[in-house]
Amino acid sequence: MTDIVQRGLYFEEFELGARYLHRPGRTATEADNVLFTTLTMNTQALHLDAAFAGAERPFGQRLMNSMWTLSTMVGSSVAQLTQGTLVAQLGLSDITFPHPVFHGDTLYTESVITDKRLSSSRPGQGIVTIAHTGRNQDGVIVATATRVALMHCMLEGE
């Protein structure tokens, strides 16, 4: 019998231009929104107050906290890309939220490897740039972010 342990990719396994489709998607719930919003001390009424958000235009309802969307989008990539092979997240940039996420929407994430290079200061590690895109159940882009990650190499001397 062969044991297979789920893990992320080592630096050498990342292929430039490869697109990873992370499944399953994650359906946003009211509980997710309230819990995340209150845990992070974000008192924005657009997330918590149905009467206020219902009166506001143009959405007419509460919005999912955009930081929940970002966190869930990046988190959905972990099992496939970085589980156990990540040294550190170096940064996030180019973050956009072009369309709102509402309770009941399902977030699907895809990631494209846009750059990679061996670290010049950390032997046995490499830097990978990942472009994440989040789409709702209708295929509408709801979030994008560029993530730079420091990854272990398969071979110590790489």
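The values are calculated or read from the model by the stated rules, or taken from the named source; none is laboratory data. Here the structure is a predicted model, which is why all the values come from computation and not from measurement. All Cβ positions, glycine included, derive from the backbone under ideal geometry; neighbour counts span all protein chains shown. Please note that ligands, DNA and RNA were not included when accessible areas were found on the heavy atoms of the full protein model with its side chains. Shrake-Rupley method; radii C 1.70, N 1.55, O 1.52, S 1.80 Å.
Within the group ILE113, ILE95, which residue is assigned to a strand (DSSP E or B) and within 20 Å of GLY17 (Cβ to Cβ)? Being assigned to a strand (DSSP E or B) and within 20 Å of GLY17 (Cβ to Cβ) holds for just one of ILE113, ILE95, which is ILE113.
Mind listing whichever residues of the range 51-83 are touching a residue at least 24 places away in the same chain (Cβ under 8 Å), hydrophobic (A, V, I, L, M, F, W, C) and more than 23 Å from MET41 (Cβ to Cβ)? Scanning the range 51-83 gives VAL78, ALA79, LEU81. Can you tell me which residues in the range 125-158 are over 15 Å from SER77 (Cα atoms), in contact with a strand residue (DSSP E or B) (Cβ under 6 Å, 6 or more places away or on another chain), open to solvent by 20 Å² or more (accessible area, probe 1.4 Å) and aliphatic (A, V, I, L, M)? Residues satisfying the conditions are ILE127, ILE141. Among the residues of the range 82-109, just one is open to solvent by 70 Å² or more (accessible area, probe 1.4 Å) and charged (D, E, K, R), namely ASP94.
Which one is farthest from GLN80 (Cα to Cα), of the residues in the range 99-132 that are touching a helix residue (DSSP H, G or I) at 6+ places or on another chain (Cβ under 8 Å) and polar (S, T, N, Q)?
Among residues in the range 99-132 that are touching a helix residue (DSSP H, G or I) at 6+ places or on another chain (Cβ under 8 Å) and polar (S, T, N, Q), the one farthest from GLN80 (Cα to Cα) is GLN125.
Residues that are in a strand (DSSP E or B), among the polar types (S, T, N, Q) and without any contact (Cβ under 8 Å) to a residue 60 or more places away in the chain within the range 116-130 comprise just one, THR129. Would you confirm whether any residue within the range 47-62 is touching a helix residue (DSSP H, G or I) at 6+ places or on another chain (Cβ under 7 Å), surrounded by 12 or more Cβ atoms within 10 Å (Cβ to Cβ) and among the polar types (S, T, N, Q)? Taking every residue of the range 47-62 in turn, at least one turns out to be touching a helix residue (DSSP H, G or I) at 6+ places or on another chain (Cβ under 7 Å), surrounded by 12 or more Cβ atoms within 10 Å (Cβ to Cβ) and among the polar types (S, T, N, Q). Per the listing VAL34, VAL5, the residue uniquely more than 16 Å from the chain's Cα centre (by Cα) and open to solvent by 80 Å² or more (accessible area, probe 1.4 Å) is VAL5.
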